[in-house]
Amino acid sequence: MRLPVVGVMGSGREAHHEFASQVGELLAQTGVHLLTGGGAGVMAAVGQAFCQTPGRAGLSIGVLPSRSDFPNYRPKNGYPNEWVEIAIPTHLPKSGKAGMSPRSRNHINVLASDAIVMLPGSDGTLSEARLALHYGKPIIAYIGDAMPLPEDLQGIARAERIEDVEAFLKAAIARTREG
């Protein structure tokens, strides 16, 4: 049976270990693949926790942005982080405020995920949350007071505890398996 893919979206600068470590361990124990943007910050922190959890079944996947130096597309500097086991290079350079652009890898991050956990971040993370809503992907925000959600994202479910994330993932994965 195919393992579900859970995308974790969050800051490319700050690690937010209080959230990322818990989510990485939970995903490893749940038996899913982890998908991130493959960079620093939350992406590396969740990847580290995931990869260092004994007995995990899934792999750490990173969808990498390009430096956009046509015709020799190469990942941006710092990509992939050391915790990415399967790196997927793209030709897509846009991120941050341009995260909803068709030239952003965020579309791939969202579309390749069966469920999404949003951790604290900024413009790029918010664009991935908007894309999750646009594409009808199950998403939960585990952000505490680290960041406010804009009005257009107020409908996203919020987790106050890691147990809330776990319950969300169980339900989302069950729906994915049903069809």
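Each value in this text was obtained by applying a stated rule to the coordinates, not by laboratory testing. Quick caveat: nothing in here was measured; it's all calculated off a predicted structure. Every residue, glycine among them, receives a Cβ derived from its backbone with ideal geometry; neighbour counts consider all protein chains shown.
Name the single residue, out of those in the range 111-133 being closer than 17 Å to Q154 by Cβ and either of a type in the set (D, E, K, R) or free of Cβ contacts under 8 Å to residues at least 12 places away in the same chain (or both), that is surrounded by the fewest Cβ atoms within 10 Å (Cβ to Cβ).
For the range 111-133, the residue satisfying everything is R130.
Restricting to the range 62-110, and then to whatever is aromatic (F, W, Y) and in contact with a strand residue (DSSP E or B) (Cβ under 8 Å, 6 or more places away or on another chain), can you tell me which residue is surrounded by the fewest Cβ atoms within 10 Å (Cβ to Cβ)?
Of everything passing the filter in the range 62-110, Y73 is surrounded by the fewest Cβ atoms within 10 Å (Cβ to Cβ).
Looking at L149, is it buried (at least 21 other Cβ atoms within 10 Å of the Cβ), more than 20 Å from A49 (Cβ to Cβ) and in contact with a Leu (Cβ under 9 Å, 6 or more places away or on another chain)?
No.
In this structure, is E166 of a type in the set (D, E, K, R), touching a residue at least 24 places away in the same chain (Cβ under 8 Å) and surrounded by 15 or more Cβ atoms within 10 Å (Cβ to Cβ)?
So E166 fits the description; yes.
In contact with an Asp or Glu (Cβ under 6 Å, 6 or more places away or on another chain) and of a type in the set (A, V, I, L, M): does that describe L59?
yes
Can you find, within the range 25-61, the residue that is surrounded by the most Cβ atoms within 10 Å (Cβ to Cβ) among those that are among the polar types (S, T, N, Q) and over 14 Å from the mean Cα position of the chain (by Cα)?
Across the range 25-61, the extreme among qualifying residues is T30.
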